[in-house]
Structure formats: C-alpha cells, structure tokens
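No value in this document is a laboratory result; all are computed from the given coordinates. What you are looking at is a predicted structure, and each value in this text was computed from that prediction instead of being measured. Cβ coordinates were reconstructed from backbone atoms using ideal geometry, including for glycine residues, and neighbour counts include every protein chain displayed.
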C-alpha cells in the first residue's frame, strides 16, 4: 500500500549518520547505531488503513502539533512501558498523499535524530551541512 511513502522515508532516514533499518514489533523501524529507535513507519498499523510515521519529539511538541493540525498529526498509542508518550504521529496519506510536505517530514526526522543520536553523530551531521 505505502511503497512510495516507505521509499521516501527510507531515503530520509538512511541519509543520517549511522542509521539502519530493520523490523521491530511488526513495523519498519530506523535505528541509530542499531540500538536507539529514530522512527517507525506504519502501513495499516493494527488495521487502521493509514500510512504514518512515528518519531520522538521534544516535550510539548506533540501537543502543539496535534492541536494545531489534527488532520496531519496524532498521538501514537502509548505502550505499557510508556514508550511513545513523547512521540509524534504524522499521517503520510492525508489529506492527499501527493500533498505531503516531504521537506517537513525530513525536518521532523532530523529533529528526532538530534534527540536520540550521540553528540559525535550530531557533530558529523552538522559537518555535512
């Protein structure tokens, strides 16, 4: 269903230093150094019929974005351990998949990277710019 969106997310995430992709909990996940989750790509998560990306965000960002634009952003369900409490869900199929702002998606993923990556990898990223 979401092959195009997966391809674009993959290109964005794997362009960051020391990021890899593997399945985790039934979804495509991108990890920093194969350890720290950067983002999850969901295609029909638990039968919801949606394509989405989940990323960690700074405190307050989730509420701000979900309140500002609930058509595009949502709060992912929180696991029993509290995982995803400070994560942002972004719909990649609404309102129109052709209108997704992929520069904005890339910025969200990079901001998430800056939250979870070690300082030396952030310095490496900044050195590329």
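Ordering 6, 92 by the number of other Cβ atoms within 10 Å of each residue's own Cβ, fewest first, gives 6, 92.
Sorted from longest to shortest, the spans of the Cα atoms of the chain along the three principal axes equal 37, 31, 29 Å. By the beta-carbon count within 10 Å of each Cβ, the least crowded to most crowded order of 52, 79, fewest first, is 79, 52.
Just need log10 I(q)/I(0) for segment 71-129 at q = 0.16 Å⁻¹, Debye formula, equal scatterers on the alpha-carbon atoms, no solvent, rounded to two decimals. Scattering profile of segment 71-129, log10 relative to I(0): -0.68.
Footprinting exposure proxy ranking of 40, 30, fewest other C-beta atoms within 10 angstrom first, gives 40, 30. Counted over segment 1-76 with a bin width of 5 Å, the fraction of Cα pairs per bin, in whole percents, is 3, 15, 24, 23, 21, 12, 2. Across the alpha-carbon atoms of segment 39-107, the computed radius of gyration and Dmax are 11.7, 36 angstrom. Dimensions of segment 27-66 based on its C-alpha atoms, expressed as ranges along the principal axes with the largest first, amount to 29, 29, 11 Å.
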